[in-house]
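The values are calculated or read from the model by the stated rules, or taken from the named source; none is laboratory data. Treat the numbers as computed from the prediction; the structure is a model and nothing was measured. In this analysis, Cβ positions are derived from the backbone assuming ideal geometry, glycine residues included, and neighbour counts consider all displayed protein chains. Just the protein is used for accessible areas: all its heavy atoms, side chains included, with ligands, DNA and RNA removed. Shrake-Rupley method; radii C 1.70, N 1.55, O 1.52, S 1.80 Å.
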Amino acid sequence: MKIFMDTANVEEIARFVDWGVVYGVTTNPSLIAKTGRTQAEVIPEIAALVEGPVSAEVISTDCENMVKEAHELVKIASNIVVKIPCIAEGLKAVKILAAEGIKTNVTLVFSMSQALLAARAGATYVSPFIGRLDDIGEDGCQLVKNIVNAFELYGIETEVIAASVRNLEHVDKVMLTGCSIATIPTKVLESMILHPLTDKGLATFLADFEKSKK
Ligand code: G3P
């Protein structure tokens with residue numbers, strides 16, 4: 001499972017790129033708003049930081065303007081993926097963009113049927129939202145698993161990005177689904193390295209090293 005960062009904060013991305021663990025990045029208008037900067041400012045900086053795909057979302061809700069926005073976004077860098085909401089106009093835009101060789105990430109996916117439609121329209125990626133499904137009493141990780149299994153069953157090449165990841169349990173569970181990518185927010189990513197037994201074990205090793213010097 002590849003790790004993407006689910007943030008538009010350039011400093012945070014740079015910090016984890018240094019760890020060697022970040023392959024791609026996903027953004028959305030809410031994440032951009034949190035930075036206090038514009039999409040036009042942050043996306044080129046993010047695209048220069050990571051090798052893999054950087055999802056930048058359109059804000060139009062009609063096909064024609066989504067496609068126009070997509071054409072502008074892909075001019076920014078070769079690793080830009082256009083994020084499109086899972087609505088009917090979005091599917092039409094995905095079809096046009098796919099025919100032009102432009103990669104898309106269909107976002108706000110909450111069901112198997114939405115994932116299938118996005119894939120058949122030609123989406124490069126689909127992003128089911130785990131946390132938001134859990135919020136309404138459904139099992140977000142189970143949806144990811146079901147989509148991954150169904151895509152495999154039918155030989156669908158669209159990749160699944162587990163999104164709206166809120167905690168370590170989500171990370172552990174999606175790792176077992178065969179999902180190829182999880183997009184992880186900074187707080188969850190920084191907690192992934194932590195374990196009390198690592199700290200305890202390291203303290204013991206260092207103390208024993210001191211003893212062995214005498
Ligand atoms: O990747 C989608 C994500 O940014 C939404 O997360 O926690 O707002 O549901 P959340």
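Things worth noting here:
- Within region 31-64, the set of residues being within 16 Å of the ligand (Cβ to nearest atom) and either more than 22 Å from residue 9 (Cβ to Cβ) or among the acidic types (Asp, Glu) (or both) comprises 57 only.
- The residue that is nearest to the ligand (Cβ to nearest atom), counting only those in region 7-19 that are surrounded by 20 or more Cβ atoms within 10 Å (Cβ to Cβ) and of a type in the set (Val, Ile, Thr), is 7.
- Qualifying residue in region 65-73 (condition: free of Cβ contacts under 8 Å to residues at least 24 places away in the same chain, acidic (Asp, Glu) and either out of contact with any strand residue (DSSP E or B) (no Cβ under 9 Å at 6 or more places or on another chain) or within 15 Å of the ligand (Cβ to nearest atom) (or both)): yes
- Filtering region 21-32 for residues that are in contact with a strand residue (DSSP E or B) (Cβ under 9 Å, 6 or more places away or on another chain), aromatic (Phe, Trp, Tyr) and farther than 23 Å from residue 148 by Cα leaves an empty set.
- So residue 97, is it under 27 Å from residue 45 (Cβ atoms), open to solvent by 60 Å² or more (accessible area, probe 1.4 Å) and in contact with a Lys or Arg (Cβ under 9 Å, 6 or more places away or on another chain): no
- Residue ID - most open to solvent (accessible area, probe 1.4 Å), chosen from residues in region 139-168 that are near the ligand (Cβ under 9 Å from one of its atoms) and more than 19 Å from residue 103 (Cα to Cα): 166
- Cβ-Cβ under 7 Å pairs, at least 6 apart or on other chains, region 31-44 side under 15 Å from residue 58 (Cβ atoms), far side among the small types (Gly, Ala, Ser) and within 16 Å of the ligand (Cβ to nearest atom): 31/8; 32/8; 39/56; 43/56
- A single member of 136, 181 is among the β-branched types (Val, Ile, Thr), open to solvent by 70 Å² or more (accessible area, probe 1.4 Å) and within 14 Å of the ligand (Cβ to nearest atom), and it is 136.
- For region 169-178, taking the residues that are touching a Cys at 6+ places or on another chain (Cβ under 7 Å) and in contact (Cβ under 8 Å) with a residue 40 or more places away in the chain, the one that is nearest to the ligand (Cβ to nearest atom) is identified as 170.
- Filter result (under 20 Å from residue 14 (Cα atoms) and open to solvent by 20 Å² or more (accessible area, probe 1.4 Å)) within region 184-207: 185, 187, 190, 191, 192, 193, 194
- Of the set (1) over 29 Å from residue 175 (Cβ atoms); (2) open to solvent by 20 Å² or more (accessible area, probe 1.4 Å); (3) part of a helix (DSSP H, G or I), all apply to residue 70 but (2).
- Going through (1) open to solvent by 20 Å² or more (accessible area, probe 1.4 Å); (2) without any contact (Cβ under 8 Å) to a residue 40 or more places away in the chain one by one, residue 3 falls short only on (2).
- Test: residue in region 125-132 that is away from the ligand (no atom under 15 Å from the Cβ) and open to solvent by 50 Å² or more (accessible area, probe 1.4 Å): no
- When restricted to residues that are among the β-branched types (Val, Ile, Thr), surrounded by fewer than 19 Cβ atoms within 10 Å (Cβ to Cβ) and not in a helix (DSSP H, G or I), region 20-59 contains 3.
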